[in-house]
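Written out below as structure tokens is the structure these notes cover.
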Amino acid sequence: MKFGPVPLREALGAVLAHSVRAGGRVLKKGAVLGPEALAALEAEGLGEVIVARLEPGDVAENVAAEALAKAVQGAGLTLTAAHTGRVNLKAKGPGVLVVDAARVQAINAVDPGITLATLAPYTRVTPGLLAGTVKMIPYAVPAAALEAACAVAAGAMRVAPVVLGRAAVVLTEVPGQKSSITEKGRAAVVGRLDALGIAVAAVEVVAHEPGAVAQALGRLEADLVLILTGSATSDTHDVAPQALREAGGRVDRFGMPVDPGNLLFLGALPGEVPVIGLPGCARSPALNGADWVLERVACGMAPGPDAFAAMGVGGLLKEIPIRPQPREGR
């Protein structure tokens, strides 16, 4: 591609590099200059214009962007029309964005003019949310470079959809607990499920005792169970995880390297119904570690030991005014 100023007589079919006002209208950058546009520029007294001129082997920005976006497009993603060398990838429905970081890096390593940017891996997405964007930096890119980028693009990103349809919620109350605290927790948990498109099959409020929680777990029929206790779970044999065992289930994990969210546990009831013991911070709608686990579980990607360990990178979430406790000791 050649770039720079040229006389108007040599600009036919070239791409306008910068917007220019001519003949009472604005010729926008990126426009392909035809006879009418050149006549308007000449009428303005211009003798030359800055353009990009494609050479053999070049691919125009919009054509290139569309080609790479189609190669990148995975399940659960839609594409916007190419414009100014950009195509956006948007989520079709609720779910979690799965990104192959190595493939994204490989695409971006081919040529500085060929780029793909995505949301962070495992970001929760909603219908229409922008999940990634392909952008060609110059007005054209070499065909060989575009071909190389497309060759490594398959599998770079997709949306894992929500696969669980119904959830049940168990809330425990300690003696003297205000009903407003229970209601705050219920609203926050139900709000999270609503955002994922998961129906709430039941909400049970029981005493903060292993037997009461175990009985509730035995009554529930759902694809997922969430437990939010009136008193924080401080050990793998505390009330809620112990109740899960008494109900015939198991505890797979207690604790996670995300703050807020440390005191979470993950397990399952008979029939492999996932159970998440929520940390106290889940009473707030603000992002916490429970969101990361809930979203993956809802999409059929329950985190294992390695996934939990990896959450520590970026797991120190921002301090928020409604959670003012400092991390440092007093």
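Nothing in this text is a laboratory measurement; each read-out follows from the coordinates by a stated rule. Please read all numbers here as calculations on a predicted model, not as lab measurements. Note that each Cβ is placed from the backbone with ideal geometry, even for glycine, and that neighbours are counted across all protein chains shown.
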message: Could you compute the net charge surrounding V174? Neighbours are other residues with a C-beta less than 13 Å from the C-beta of V174; K and R count +1, D and E count -1.
response: -2
- request: Over the residues of the stretch 166-310, compute the C-alpha Rg and express it relative to 2.2 N^0.38 Å.
  value: 0.93
- line: Fewest-first ordering of D100, D235 by Cβ atoms within 10 Å yields D235, D100
task: Run the quick spin-label model on E147 and L130: label points 7 Å from Cα toward the beta carbon, then report their separation in nm to one decimal.
output: 3.3
- prompt: Where Rh is the Kirkwood radius over the Cα pairs of the chain, the temperature 25 °C and the viscosity 0.890 mPa s, what D in µm²/s does Stokes-Einstein return?
  reply: 106
- prompt: What list of ³J(HN,Hα) values in whole Hz, one per residue of the stretch 166-181 in order, does the Karplus curve 6.51 cos²θ - 1.76 cosθ + 1.60 (θ = phi - 60°) give from phi, with Gly and Pro shown as x?
  reply: 9, 10, 10, 10, 10, 10, 10, 10, 8, x, x, 5, 6, 5, 5, 5
Karplus 3J(HN,Hα) series, Hz, for the stretch 140-152 with 6.51 cos²θ - 1.76 cosθ + 1.60 (x for Gly, Pro): 7, 10, x, 4, 5, 5, 4, 4, 5, 5, 5, 5, 10
- prompt: If you stretched the chain out fully between I181 and A39, how much longer would it get, using 0.36 nm times the residue separation minus the C-alpha to C-alpha distance?
  reply: 43.9 nm
query: Under a GNM of the chain (C-alpha, springs under 10 Å), which listed residue has the highest mean-square fluctuation: G304, G165, G74?
result: G304
statement: Candidates L12, L278, L116; GNM for the chain (alpha-carbon contacts under 10 Å) flags as most fluctuating L12
